[in-house]
Amino acid sequence: METKKSKLTLYDIVAVALMAAVVFVVTMFLSIRIPTPTGTTMIKLANAFVLLCGLLLGPVRGGLAAGLGSMFFDLMTPEYVPEAWITFVRFFLMAWLCGVIAHWAGARAKSFRRNLCATIIAAVFSSVFYMFKGIITLMLGGSAFVPAFVANLPKMLTSPPNTIIAVVVSLALLPALQKAMQSTSFGQRMEQAGNRS
């Protein structure tokens, strides 16, 4: 009796590595760093590419690409090294959630309405995760909830622009990237692998 197994292929590895590199480079070079009393925050374009990981590669491959690219950025930035594992979890889940919604029931990220819902939900989830992570970190250091919340307000102010940028840019780039992928043999192999899994 033969059981169907989902295997990690060379195409999966290349796609995850490529998108992880894109997320890393965009985070490194296309962001505005803003110092706050509780640490540096950023207005960045990288969240759009995290969403594109989920839209283009699906939940698992997209999550791995987004998580790894973001984590490697943290590992290269001394201030963020202790939080690298949390960054991996946050951005893995952001891309995974986007991918699950956009690819649900065979939609394969072809429906604009579904993609819009996917990107908004995933971007808002990431912002809420970021907010609670900051509050919990201060509370573990001995702060009460209200002072921890107030101390994180400057960081929270970057969430609305990051959410809007991520949704608009990812949806604007998606059709061209999907078309480019479908026109290559690599993209066609990736789609066939996705159909089998």
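So that you can scan it fast, the table gives a plain yes or no per residue for (1) within 15 Å of the chain's Cα centre (by Cα); (2) surrounded by 24 or more Cβ atoms within 10 Å (Cβ to Cβ); (3) at pLDDT below 95:
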| residue | (1), (2), (3) |
| --- | --- |
| 27 | yes, yes, yes |
| 33 | no, no, yes |
| 40 | no, no, yes |
| 45 | yes, no, yes |
| 54 | yes, yes, no |
- Test residue 74 against the stated conditions and say whether it is surrounded by fewer than 23 Cβ atoms within 10 Å (Cβ to Cβ), among the acidic types (Asp, Glu) and closer than 19 Å to residue 177 by Cβ. no
- Item | Residue check for residue 117: in contact with a Pro (Cβ under 9 Å, 6 or more places away or on another chain) and either open to solvent by less than 70 Å² (accessible area, probe 1.4 Å) or under 21 Å from residue 16 (Cβ atoms) (or both) | no
- Task: Mind checking which helices (runs of 4 or more DSSP H) fall wholly inside the stretch 130-197 and carry at least 3 residues that are closer than 14 Å to residue 109 by Cα and either open to solvent by 50 Å² or more (accessible area, probe 1.4 Å) or at pLDDT 90 or above (or both)?
- Result: 159-182
- Name every residue in the stretch 32-59 that is touching a helix residue (DSSP H, G or I) at 6+ places or on another chain (Cβ under 7 Å) and among the β-branched types (Val, Ile, Thr), in order of residue number. 36, 38, 40, 41, 43, 50
- Query: So which residues in the stretch 4-53 are of a type in the set (Phe, Trp, Tyr) and without any contact (Cβ under 8 Å) to a residue 40 or more places away in the chain, if there are any at all?
  - Reply: 29
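The values are calculated or read from the model by the stated rules, or taken from the named source; none is laboratory data. Worth saying up front: this structure is predicted, and the values here are computed from it rather than measured. Using ideal geometry, Cβ is built from the backbone for each residue, glycine included, and neighbour counts are taken over all protein chains shown. For the accessible areas, the whole protein counts, side chains as well, though only heavy atoms, and no ligand, DNA or RNA atoms are used. Shrake-Rupley method; radii C 1.70, N 1.55, O 1.52, S 1.80 Å.
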